Structure formats: structure tokens, C-alpha cells
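Structure record follows, encoded as C-alpha cells.
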Amino acid sequence: MQSLCKLSIRRRLAIALVLSSAMIYLTAYYQQFIMKAVFTKKRMATMRQNLSFLTNISTGVIPPEANALTAEEIYHRYGSELQVICPESKRLGNKEDGGWDVCLYSAYKPHKECLVYSFGINNDWSFDDSVVSTYNCTVRAFDPSMKDPDHRRGPNIWFYKQGISGSDFVNDRGWQLRTLESYVRLFNDSEKMIDYLKIDVEYSEWSSLEAILNSTVLSKVKQFGLETHTREISKKASTVADLVYYTGLLRRLQDAGFYRWYWHFNHFGNFVSKNSNRKLTCCFEMVFLNVNIPYVAS
């Protein structure tokens, strides 16, 4: 009877030892599984989960029955609203026209091998030179209106006497124009991230933006600096259809994940509205963040 009791105790100890080892193994495995899941979640999190968005912003939709006054008010309100906060930024280039604000928070800060596409130079290299001197980015600069031929401006800036548009063609001034998607393919940049896309092309931004939105190229853009212009830049009045078109493209840009963190008026384009008798501007300088890019801890 005593030996049976001893055998029973040994069996109990053996079973307890096996169960204890199994629990240790399972606990370790579970911890590894949880850690892997947390790491994967962090790695896959986008900037959308790590930014502060503003509330009570307008919808950016002009109703079909809108008159000129209503359409004008909706466009100018929507274009002058901040939608998201960038907690750290810097202006590169001139303090006035020619310089551009760059968000430096997390994944938006230009890092090694950064790439910039800059459309519209007008002989003002302050932004492009500053991007190179500050972050050593590669800059592709475009402007068909300048007299300079294609050339390499320093080790990191390539200039092309070409412009951006809604399609690929040569216009009546002999300028070669292409879409952003075409340029990205032309320079074998399709798989690269564009750290900063800048477009300031005196009203040609709208057809260019429409083509961009109809492609997939924006998924590879981190920040987008855009100067918008209404017909008033040419001393003409914007129609309701014009304002619906402008606002609709800006709304599509938001729907694509690009939220405005910075804007200001270009005071060189001030005019008095015939609809409201208010002093307005034909031109907004805006900078958008792609909130869908992966989060990077600062």
C-alpha cells in the first residue's frame, strides 16, 4: 500500500512537471505571438492614426442650385480651412512668394535619398536650393517658360524645360507638357516615394490635378504643395461651373487622403468680388499631408 502511494506521488510529480513545462512553453509562445501582433500593428499603422484632425470643417460641396455668390463663398471657405495639424514644420526658400512650408513630423520629414518634384520655378530657385542644402534631396525641377535649356544645377538638382498638364502634348508655344504619371515613369521613379510634390503653374494646376487624381501616383507622395489660381488671375470672372470644378477637385484630393495642414493667401492676386463686393484672392498656397502613408516614430 505504501509503495503504491509512493508511485502515485511520483506520477503526480511527473504530471505536474509536464504540465508546468507546458504552461511555461505556452506562456512564452503566447507572449511572442502578442509581441509580434503589436509590432505588426505598429508597423502597419498609418499617419492617419497619429495626426490631430480639425473638426467642424466644411464639406467642400457646392449644391447644384448654388448661385455665383454661394459658390464663391463655399470655394473660398473650403480653400482657407485647415484640416489637420502638423506639430513641426519649416519654411524652405523665400519667406514670401517662392518659399514653401514643409512638415517635419514623423514620416513626413525628408530623410536619406529624399525625392522632390518641383513644377513652376520662374527663375526662383530658393525652395529647390534649400531642400538640397538642408536635406540633400534629389530635385527634379520643371518650367517650360524659362529660357534655360535642360541642365544640371549642382549635384542634386536636374532642370527640365518642360511642364505639367492633364495630358502629354506639345502646346502652341512649343512647350512639351506631360502628366505627373508620365514623368514618374519617364525617370524610373514609379517605385520611389516622392517626399514633396510642388505645383505652382499659373492655372494649369487644375487639369494637372485632375489627371493626378485619375491615376495612382498620389499613393507615392508624402506632401503636396499646391498653389491654386482662379480665372481672376487673368482678370476674368470665375463662373459657377468653374468654382464647382475647383472645389470638386480639392474635395477629391481630401477623399484620396490628402489633408490641408497649411495655407495662406497670395496677396499679389487680390481682387474685389463682383458677387459680394468683398476683397478676395485668386490664389491660395496650400500644403497637404498624405495621411495614408506608414507611421514612423519621431
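Some observations on this one:
- The requirement of being within 19 Å of S126 (Cβ to Cβ) and either part of a loop (DSSP other than H, G, I, E, B) or open to solvent by less than 30 Å² (accessible area, probe 1.4 Å) (or both) is satisfied by N94.
- Residue check, L243 assigned to a helix (DSSP H, G or I), surrounded by 19 or more Cβ atoms within 10 Å (Cβ to Cβ), touching a helix residue (DSSP H, G or I) at 6+ places or on another chain (Cβ under 9 Å) and hydrophobic (A, V, I, L, M, F, W, C): yes
- Test: residue in region 83-101 that is at pLDDT 90 or above, touching a helix residue (DSSP H, G or I) at 6+ places or on another chain (Cβ under 6 Å) and aromatic (F, W, Y): yes
- Scanning region 266-298 for residues that are closer than 26 Å to D195 by Cβ and open to solvent by 50 Å² or more (accessible area, probe 1.4 Å) returns N292, P294, Y295, V296, A297, S298.
- Test: residue in region 221-238 that is touching a Gly at 6+ places or on another chain (Cβ under 6 Å) and open to solvent by less than 50 Å² (accessible area, probe 1.4 Å): no
- Inside region 246-259, residues that are touching a strand residue (DSSP E or B) at 6+ places or on another chain (Cβ under 8 Å) and crowded, with 20+ Cβ neighbours inside 10 Å make up a count of 5.
- Test: S190 is modelled with pLDDT of 95 or more and surrounded by 13 or more Cβ atoms within 10 Å (Cβ to Cβ): no
- Within region 142-181, the residues that satisfy the criterion of being among the polar types (S, T, N, Q), surrounded by 15 or more Cβ atoms within 10 Å (Cβ to Cβ) and in a loop (DSSP other than H, G, I, E, B) are N156, Q162, S165, T179.
- Cβ-Cβ under 8 Å pairs, at least 6 apart or on other chains, region 214-238 side free of Cβ contacts under 8 Å to residues at least 40 places away in the same chain, far side open to solvent by 70 Å² or more (accessible area, probe 1.4 Å) and among the basic types (K, R): K220/K192; A237/R231; A237/K274
- Matching option when the condition is assigned to a loop (DSSP other than H, G, I, E, B), open to solvent by less than 60 Å² (accessible area, probe 1.4 Å) and of a type in the set (D, E, K, R), among D124, D128: D124
- Residue within region 181-188 that is in contact (Cβ under 8 Å) with a residue 24 or more places away in the chain and of a type in the set (G, A, S) present: no
Here is a yes/no grid of residues against (1) assigned to a strand (DSSP E or B); (2) out of contact with any helix residue (DSSP H, G or I) (no Cβ under 6 Å at 6 or more places or on another chain); (3) within 25 Å of N122 (Cβ to Cβ):
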| residue | (1), (2), (3) |
| --- | --- |
| E191 | no, yes, no |
| D195 | yes, yes, yes |
| L209 | no, no, yes |
| S215 | no, no, no |
| F224 | yes, yes, yes |
| R252 | no, no, no |
| W261 | yes, yes, yes |
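- Check on E232, under 17 Å from F284 (Cβ atoms) and either part of a loop (DSSP other than H, G, I, E, B) or at pLDDT 95 or above (or both): no
The values are calculated or read from the model by the stated rules, or taken from the named source; none is laboratory data. Everything numeric in this text was worked out from a predicted model, so none of it was measured. Note that each Cβ is placed from the backbone with ideal geometry, even for glycine, and that neighbours are counted across all protein chains shown. Side chains included, ligands, DNA and RNA excluded: accessible areas come from the protein's heavy atoms. Shrake-Rupley method; radii C 1.70, N 1.55, O 1.52, S 1.80 Å.
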